[in-house]
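Asker: I'd like to ask you about the structure that follows.
The values are calculated or read from the model by the stated rules, or taken from the named source; none is laboratory data. Since the model is a prediction, treat every value here as computed from it, not as a measurement. A quick note on method: Cβ atoms are made from the backbone with ideal geometry, for glycine too, and the neighbour counts reach across all protein chains shown.
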Amino acid sequence: MLVASATTLPLLLAASGCRSSDAFDGPDPLTGRPSPGHDVVVLQAAISAEEALISLYVTATATASAGSVSAGGPALFESLLAQHGQHLARLRAALVLPPGTATASPGAATASPGVTASPGVTASPGAAASPGVTASAGAEGGTGGRGAGHGVLARLRAAERASAAAGLRRLATVDPALAQLFASIAACDATHVAALAALASPP
Amino acid sequence: MTAVSALQAALAAENAAIYGYGVAGAYLAGSRQAAAIQDWTDHSEARDTLSAMITRLGATPVAAAAFYALPFAVHDSRTARALAAYLEDGVTRAYLGVVAVDDQRLRTFGALAMQAPARRAAYWRGSTQAFPGLTSSDR
């Protein structure tokens, strides 16, 4: 009886003049795990970008609580943050990875529907997959003045705008259902831009 | 869904919105009425854009109906704003259908086109939604 392990099989196949791909149908089991599909790669990037955006809002919410933005700021930030939490949950639910595969961003901040502000949470390394999205909304927050508040609003608006644009780029080449999810999230981001603009310039 | 049928559905939603704003606008005043007039104009322009696209694809654009049944009675400013939000939700949903077609340019067109009605819906509703255009069964 011949027992071939993953180590010995290539030697046996080589001795018989065969490659492992001659012996099996489908992906060569000896060349390692197949690379993730296009939709998975795109989805992982979207998840990382959403995580970075959430981190930005968490920081902004902490800044807003310190009184550096107008009265409606904290409530609006928390509302928009909760919706980004919903986006993240939906994106993660769409990501189906084979068992044993590493997750998209192991160090990422967690967020789920109903996410609340947690000032201590920071952006995960490498999570800034969307241009303009960085966890620095509170960088000017130390002064607690109106200028700092406007800086936070401007950063959030820029990040939302960048996120919407990234969503549009992603949807062109993926499965239709995933494209619709990206389009819906991008549209939500666009409404956030308008809501933040209204906060910056009340009627 | 084919490209033509998706565009026709968006056109039908735009036609319904144009009709509906005619009703809602009568119960609004001041800045809200001005917003409704602007939205009516935007929907009319979108209707023309969609009609031209459908014609270029060799199909005949669907005609507007003479009358549309309203989803609820409109009799004051509150219900007029609710109708406007309802109409914008319908247009947003229709453009999301365009995003599902194979043609990449049309997908991007649909995704961009749905942002304006999503913004308008948020304005009339007074709050944003996490997933504009997606129905609860899609989520």
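Asker: Could you grab me the full set of residues in the stretch B:104-139 that are in a loop (DSSP other than H, G, I, E, B), modelled with pLDDT under 95 and over 16 Å from the mean Cα position of the chain (by Cα)?
Answerer: Scanning the stretch B:104-139 gives a single hit, B:Arg139.
Asker: Still on this structure, please answer the following. Answer with yes or no whether B:Arg81 is over 30 Å from A:Ala177 (Cβ atoms) and either surrounded by 15 or more Cβ atoms within 10 Å (Cβ to Cβ) or in contact with a strand residue (DSSP E or B) (Cβ under 6 Å, 6 or more places away or on another chain) (or both).
Answerer: Judged against the criteria, B:Arg81 is a match.
Asker: Which condition breaks for B:Thr135 when tested against (1) over 17 Å from B:Ala6 (Cα atoms); (2) hydroxyl-bearing (Ser, Thr, Tyr); (3) more than 8 Å from chain A (Cβ to nearest Cβ)?
Answerer: So the condition that B:Thr135 fails would be (1).
Asker: Among the numbered criteria (1) within 11 Å of chain A (Cβ to nearest Cβ); (2) surrounded by fewer than 15 Cβ atoms within 10 Å (Cβ to Cβ), which one does B:Ala66 miss?
Answerer: Checking B:Ala66 against (1) within 11 Å of chain A (Cβ to nearest Cβ); (2) surrounded by fewer than 15 Cβ atoms within 10 Å (Cβ to Cβ), the one that fails is (1).
Asker: Can you tell which of A:Ala172, A:Ala186 is over 19 Å from B:Thr92 (Cβ atoms), in contact with a Ser or Thr (Cβ under 9 Å, 6 or more places away or on another chain), part of a helix (DSSP H, G or I) and at the interface with another protein chain (Cβ under 8 Å from one of its Cβ atoms)?
Answerer: Result of the check over A:Ala172, A:Ala186: A:Ala172.
Asker: Separate question: Would it be correct to say that B:Pro71 is assigned to a loop (DSSP other than H, G, I, E, B) and at the interface with chain A (Cβ under 8 Å from one of its Cβ atoms)?
Answerer: In short, no.
Asker: Going by the conditions given, is B:Arg47 among the basic types (Lys, Arg) and in contact (Cβ under 8 Å) with a residue 40 or more places away in the chain?
Answerer: Taking the combined requirement at face value, the residue does not satisfy it.
Asker: A further question on this structure: Can you tell me which residue in the stretch A:189-199 is nearest to the other protein chains (Cβ to nearest Cβ), limited to those that are more than 18 Å from the chain's Cα centre (by Cα) and in contact (Cβ under 8 Å) with a residue 60 or more places away in the chain?
Answerer: The selected residue is A:Ala195.
Asker: Would you check which residues across the stretch A:167-177 are touching a residue at least 24 places away in the same chain (Cβ under 8 Å) and either of a type in the set (Lys, Arg) or buried (at least 21 other Cβ atoms within 10 Å of the Cβ) (or both) and list them?
Answerer: Scanning the stretch A:167-177 gives A:Gly167, A:Arg170, A:Val174.
Asker: Hey, could you check the stretch B:84-132 for residues that are facing another protein chain (nearest Cβ under 8 Å) and among the β-branched types (Val, Ile, Thr) and say which is surrounded by the fewest Cβ atoms within 10 Å (Cβ to Cβ)?
Answerer: Taking the candidates together, the pick is B:Thr108.
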